Amino acid sequence: MSLKRTIVLALALLALSAPIALAAVTWQRGDYKGKTEGKFKPAANKPLRQANISFHVGRKMVDGKFQPRVSQIKVEIRVKCADGSHTSFRTEHGGFLTIDANGHFAGGADTQTGRDNISGNVSGTHASGFVRSFDKEDRQGNEDPNGQKCDSGRVKWTANKQ
């Protein structure tokens, strides 16, 4: 085979394998911490501040294959209620969400009177996405199935591997 033909063949193989290499997700295992675009009101009359988010990216052997997943999800969130009042709280969820081949994950958990949802994408040491919480609360901000509707709206977040 001539040198020119070898080079052309090598370039063709490289071109064919490039999309496969680019499609591979390069997320990294570990703890991720970040901020949401939402505000959070701590206890004891402290001022509003930017809300935090944290989670763990790992993998577990399932049916002979490693399954990438997000777990230990913790989010600070502030909801606005129908009467105009606000409540801030921390959500902490057990279980896990599976990360797909493109680094995406999404899911939620029902609460006593509502639901917490999260979606995101992990790439390298960075992650980003959206979170939303809604529930029903009494006038004191306690969960109440007969209470008023409260909703955080769709809140953007970003996080980095620690």
Practice prompt. Scan the range 61-91 residue by residue and report those that are under 23 Å from ARG29 (Cβ atoms) and loosely packed, with under 12 Cβ neighbours inside 10 Å.
Written response: MET61, VAL62, ASP63, GLY64, LYS65, PHE66
Practice prompt. With the checklist (1) surrounded by fewer than 17 Cβ atoms within 10 Å (Cβ to Cβ); (2) over 24 Å from the mean Cα position of the chain (by Cα); (3) not charged (D, E, K, R) in hand, flag the one item ASN160 doesn't pass.
Written response: (2)
Worksheet item: Does ASN121 count as touching a strand residue (DSSP E or B) at 6+ places or on another chain (Cβ under 7 Å) and surrounded by fewer than 19 Cβ atoms within 10 Å (Cβ to Cβ)?
Response: yes
Worksheet item: With the range 49-162 as the region, which strands (runs of 3 or more DSSP E) entirely inside it contain at least 1 residues that are touching a residue at least 60 places away in the same chain (Cβ under 8 Å) and farther than 17 Å from THR36 by Cβ?
Response: 49-62, 65-81, 115-123, 148-151, 155-161
Worksheet item: For the range 142-157, which residues satisfy the criterion of being farther than 13 Å from ALA82 by Cβ and surrounded by 15 or more Cβ atoms within 10 Å (Cβ to Cβ)?
Response: GLU143, SER152, VAL155, TRP157
Worksheet item: What's the number of the condition ARG139 fails, among (1) farther than 25 Å from ASP31 by Cα; (2) at pLDDT 95 or above; (3) not aliphatic (A, V, I, L, M)?
Response: (2)
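The values are calculated or read from the model by the stated rules, or taken from the named source; none is laboratory data. Here the structure is a predicted model, which is why all the values come from computation and not from measurement. Heads up, the Cβs are rebuilt from the backbone with ideal geometry, glycines too, and the neighbour counts pull from every protein chain shown.
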